[in-house]
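The values are calculated or read from the model by the stated rules, or taken from the named source; none is laboratory data. Note that the coordinates shown come from a computational prediction; the quantities given were computed from them, not determined experimentally. Here Cβ is always computed from backbone atoms with ideal geometry, including for glycine, and neighbour counts include all displayed protein chains. Each accessible area value is taken on the protein alone, full model and side chains, heavy atoms only, with ligands, DNA and RNA left out. Shrake-Rupley method; radii C 1.70, N 1.55, O 1.52, S 1.80 Å.
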Amino acid sequence: MVESTPTIRVEAQRRAQATFLVADGVLDGSTYRTLRDAIIKAALDEPCGVIIDVNSLCVPSDYAWSVFTSARWHVSAWPDVPILLVAASRDCRRRIHKCGVARYVPVHQSREAALDALSDESLQLRRRARIELPPTKASIGLARALIAEWLTNWGKRHVIPIAGTVATIFIENVLEHTKSAPVMIVETYRDAVTVAVEDQCPEPAVRREDGVRGTDTLSGLAIVAALCRSWGSTPTSSGKTVWALIGRENPL
């Protein structure tokens, strides 16, 4: 008899500015990434929080609960959206706490309790713009013009030079290394401006220096690292999002 392959289904529901994910099926090594990427995708849409109902999940091994800390780690710097769990079973909540997951991803007995926990968080204004750019060099000039317009309207003119430089590097990398049409996201939240570019290549963005000339030739991402508070490459179900946070301490 051929054993069936474990499956997992994730249904998204929007309620009170939060996104609920209802996970149903078996969570193990073969379905781990499916659930992780669904959580990341929900967080990148930037609701006030992502609440995951795990009541219908079968988790044979406790190590698999770490999928929630992994997802939280990927979005902790940006977009910094809270992730919470809902587990009605006391035994399930005990297993989650025992694994240390609850230190980073709080677990609640009901959806209402999770929503109440979110409402206690002070919500600050987040401004966001998103555009799909053409897969040509012309997208670089268009991106820089849009960044200047958006950040001027949002009262963030002082970071326009850095934001334009970061966008140029990210878009050039997409055009050079993938066959994707870049999707640019620019936002302000708290004291930072974020520039992010999505593509459809699953390979993570990494810094690469010239092996012969060494530091005489810097990669674009090395420039981003030097200019910005932080940067990262976040996996998505369709590829990845490369982002950079520009703080008030990063004048150009």
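Here are some notes:
- 12 Å beta-carbon shell around residue 149, net charge (K/R +1, D/E -1): +3
- Total formal charge among the other residues, if their Cβ is under 13 angstrom from that of residue 9, Lys/Arg +1 and Asp/Glu -1: -3
- In units of the compact-protein estimate 2.2 N^0.38 Å, region 37-79 shows a Cα radius of gyration of 1.23.
- Peptides 231-240, 56-65, 129-138, 43-52 ranked from most to least packed, by the mean per-residue count of other Cβ atoms within 10 Å: 43-52, 231-240, 56-65, 129-138.
- Accessible surface for region 44-155, divided over its residues, is 51 Å² per residue with a 1.4 Å probe.
- Other residues whose C-beta falls under 13 angstrom from the C-beta of residue 69 contribute a net charge of +2, scoring Lys and Arg +1 and Asp and Glu -1.
- log10 of Debye I(q)/I(0), alpha-carbon scatterers only, for region 1-141 at 0.14, 0.20 Å⁻¹: -0.67, -1.20
- Whole-number D in µm²/s for the chain (Stokes-Einstein; Kirkwood sum over Cα pairs; 20 °C, 1.002 mPa s): 109 µm²/s
- Normalised by 2.2 N^0.38 Å, where N is the number of residues, the C-alpha radius of gyration of region 110-195 stands at 1.37.
- For the chain, the relative contact order comes to 14 percent (Cα pairs under 8 Å, sequence separation of at least 6).
- Helices assigned as whole DSSP H runs in the chain whose Cα atoms extend at least 20 Å along their own long axis and whose mean Kyte-Doolittle hydropathy is 1.0 or higher are found at 160-177.
- Altogether, the Stokes-Einstein calculation at 20 °C and 1.002 mPa s, with the Kirkwood radius of region 1-61 over Cα pairs as Rh, returns a diffusion coefficient of 175 µm²/s.
- Using alpha carbons only: equivalent-ellipsoid semi-axes of region 83-160, gyration tensor based, whole Å: 43, 17, 11
- Nearby lysines by direct alpha-carbon distance to residue 41 (threshold 23 angstrom, same-chain neighbours under 8 apart not counted): 179, 240
- The Cα-based radius of gyration of region 35-115, divided by its Kirkwood radius, gives an Rg/Rh of 0.93.
- Computed [θ] at 222 nm, deg cm²/dmol, the chain (DSSP H ≥ 4; -39,500 (n - 2.57); rounded to nearest 500): -10000 deg cm²/dmol
- Between amide H atoms placed 1.01 Å from N, distances below 5 Å from residue 201 occur with 240, all of them 5 or more places distant or on a separate chain.
- Accessible surface of the chain [probe 1.4 Å, protein heavy atoms]: carbon and sulfur percent: 50 percent
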